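Novice: Can you keep this structure in mind? I'll have questions shortly.
Derivation of every value follows stated rules applied to the coordinates shown; laboratory data play no part. Remember, it's a predicted structure, so these values are computed and weren't measured experimentally. Every residue, glycine as well, gets a Cβ built from its backbone with ideal geometry; the counts of neighbours run over all protein chains shown.
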Amino acid sequence: MDQVLTQQEIDSLLNAMDNGEIVEEKTEKEEELKVKSYDFRRPTKLSKEYVNTLHMIFEDFSKVSSNVLSTLLRSNINFNLASIEQVSYDEFIHSVPRFTLLGLFHSDPLKGIQILEINPQLCTVIVELLCGGARVGKQENLSVKGKNSFTDIELILLKEIVIEMTKIYKNVWKDIIELQTEFDELVSNPQLLQNMSPNEPVVMITFTVKVGEIDSFINICVPYVFFEGLTDKLSFHNWFDSNQEYSANDERKLKESLNNIALDLQVVLGESELELSNFLHLEPGDILKLDSKINEPLDSYVEGSPYYNVKLGKKNNQIAVELIDKLEGETQ
C-alpha cells in the first residue's frame with residue numbers, strides 16, 4: 001500500500017523546493033523539445049500571428065467569392081478556405097497540373113506578381129454554366145485528358161471570372177491597405193512562367209470549390225515580396241486598434257458607397273377586387289374603380305416597407321408624387 005504523507009511532511013517538501021534544497025529533475029523528453037527541426041528549403045517568413053491574420057482575410061475572400069460566383073454562374077457555389085502554406089515558388093508550380101488556368105495580376109503599391117490558379121475541370125464547369133448550361137454533370141464526365149489549351153471563346157469567358165476575383169482580392173485587403181489591383185494576362189502552361197526564381201518563398205492559399213457534384217480547387221500564389229513593408233499591418237494589435245481616429249475621408253467613402261445602392265420605390269394608387277371572369281375580359285381602355293379618392297394622400301413603399309404619405313400629381317408632363325409627411329411607426 002502506498003505511503004500517505006502527513007500535512008507536516010507536505011509542508012516540509014514545499015518549503016524545501018522553495019529554498020532550492022530540492023531541484024526538480026527534467027525528463028529527457030523536455031530536453032528534446034528545446035531543439036526543433038527547420039527546413040531551409042522551405043523558410044518560414046511569416047509568423048503564426050501574421051498567418052492567422054491572413055486566414056481572416058482569405059476567409060472573407062472565400063465568402064464574397066461564393067456570393068459573386070453564385071450570381072455570375074446562376075448556380076450554388078460553395079467556396080471554402082482549405083489551407084495557407086509557406087512554400088517555394090518551385091513547389092507551387094509542381095503542385096498544380098501541367099495544363100491549367102493561371103491568371104496573373106499585380107497590386108500597386110505592393111511588389112510582386114500574384115497568381116490565381118483555377119483547375120481545368122472547374123474551368124470546364126464555369127464555361128458550361130456561363131454558356132447557359134442548366135446543370136452540372138458528374139465528376140467523371142469532365143475529363144480534360146489530351147487537352148493542352150483553351151479556345152479563344154473559353155479564354156474570353158474565363159478572363160471575366162478572373163477579373164471579378166481580382167476585384168474581390170482588392171476589396172478584402174482594404175481594411176489593411178488600399179490596393180490598385182490590375183489584371184495582367186492568362187496563361188495555361190505553368191512551366192513557361194519565369195516571373196519568379198524557383199527558390200523564391202511564396203504563400204500558397206488553397207480553396208475548395210464545390211459546384212453541384214463537382215469538387216475542385218482554386219489556388220492563389222502570393223510572393224513574399226508582396227508582404228515586405230506590410231508585416232507590421234498584419235498584426236492583430238494594429239488591425240483592431242480601437243484608438244484609430246475616424247477621419248472625414250472614411251465618412252465620405254461610406255456615403256459614396258451608400259449612394260450607389262439601388263432602392264425599389266413604389267406608390268400604391270389603390271386597390272380593387274375583380275371576379276376572374278371579368279379579369280379575363282379586360283381590354284385596353286377599360287376603367288377600374290379603386291377604393292381610394294383622388295384628394296386622399298397615398299402610401300409610398302421603400303423596399304416593401306411603408307415610408308411616406310404622398311400626393312399624386314404631374315410635373316413636366318410626367319406622373320409624379322409629392323412627399324407630404326412620414327408614416328407613423330419605425331423606419332429602417
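Novice: What full-extension length gain, to one decimal in nm, is calculated for LEU265 and ASN171 as 0.36 nm per residue of separation minus the Cα-Cα distance?
Specialist: Gain on stretching LEU265 to ASN171: 30.9 nm.
Novice: Still on this structure: Which shape class applies to segment 61-212: rounded if a/c is under 1.5, otherwise prolate when a/b exceeds b/c and oblate if not, where a ≥ b ≥ c are the square roots of the Cα gyration tensor eigenvalues?
Specialist: oblate
Novice: Once both labels are modelled 7 Å past Cα along the beta-carbon direction, what's the LEU280-SER149 spacing in nm?
Specialist: For LEU280 paired with SER149, the spin-label model returns 6.1 nm.
Novice: Give me the one-decimal nm value for the distance between modelled label points at ASN80 and GLU182, 7 Å along each residue's Cα-to-Cβ direction.
Specialist: 3.8 nm
Novice: Starting with the highest mean, order 299-305, 60-66, 8-14, 78-84 by the number of other Cβ atoms within 10 Å, averaged over the residues of each peptide.
Specialist: For the peptides 299-305, 60-66, 8-14, 78-84, the packing ranking is 60-66, 78-84, 299-305, 8-14.
Novice: Note down the nm distance, to one decimal, between modelled labels 7 Å out along Cα→Cβ at GLU200 and at LEU323.
Specialist: 5.4 nm
Novice: Over all directions, how big on average is the projection of the convex hull of the alpha-carbon atoms in segment 150-201, in square nanometres?
Specialist: For the Cα atoms of segment 150-201, the hull's average projected area reads 4.9 nm².
Novice: Would you please put 114-125, 156-167 in order of how densely packed they are, using the mean number of other Cβ atoms within 10 angstrom per residue and starting with the highest?
Specialist: Answer by packing, highest mean first, reads 114-125, 156-167.
Novice: With a Förster radius of 41 Å, plug the Cβ-Cβ distance of LEU312 and LYS253 into 1/(1 + (r/R0)^6) and report the FRET value to the nearest 0.05.
Specialist: After rounding to 0.05, the efficiency reads 0.60.
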